[in-house]
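This report refers to the structure that appears directly beneath it.
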Amino acid sequence: MTFRSKPVARVVAVYAAIFLLAGASLLIPVAHAQQTDHAKKLGLNLMCMCGCAQVLVQCNHLNCPSSAPMLKELDERIATGESDELVIQDFIKGYGVAVLSSPTSTGFNRVAWLLPSGAFVLGLGVIALVISHWRKRPIHATAGPHDSQVNISADALARAREKVDRETEE
């Protein structure tokens, strides 16, 4: 090889390496994701169990250990024709009630639905009570010289003015 052929060989080697890496990345199996709109709709009712606190179909972790298998299981169950309720009940049996994206509205879980509304109404009631109490308070007169309240004679006023003049001149 001559001196000029070494840089060309390096460039060819770099391009070959890039081509092989790009081709190898295409061979890596991609996680099976939901295929149907029905699976997407049903997946909105389930949470990803990896700890990300995101809805199953919206989990954005790379190589998430939970979402890919859960989505695959969801697709398989929908493909077999199981009803939505049965699919969700099977996920609850497998992962517990934490898999639900919103609590059911039965039993004690109903409190989770009613408590925010009740707290809001209670807060409005307290605010209305405080405002009505403030409005019913008597208004106290402020201290200040009003013509009707001043009952001083002209002689006493003249003496007071003279006294103030003497004290301020000193």
Here are Ser153, Ser83, Ser66, Ser132: which of them is under 18 Å from Lys41 (Cα atoms) and either touching a residue at least 40 places away in the same chain (Cβ under 8 Å) or small (Gly, Ala, Ser) (or both)? Ser83
How many residues are of a type outside the set (Asp, Glu) and in a loop (DSSP other than H, G, I, E, B) if we restrict to the range 62-83? 8
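So how many residues does the range 99-128 have that are within 24 Å of Cys50 (Cβ to Cβ), among the small types (Gly, Ala, Ser) and in a helix (DSSP H, G or I)?
Final tally of qualifying residues: 1.
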Out of Gly118, Gly125, sole residue that is among the small types (Gly, Ala, Ser), surrounded by 10 or more Cβ atoms within 10 Å (Cβ to Cβ) and within 23 Å of the chain's Cα centre (by Cα): Gly118
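No lab work stands behind these numbers, since they all come straight from the coordinates. Note that the structure is predicted; figures quoted are calculated from it, not measured. Backbone-built Cβ (ideal geometry, glycine too); neighbour counts: all protein chains shown.
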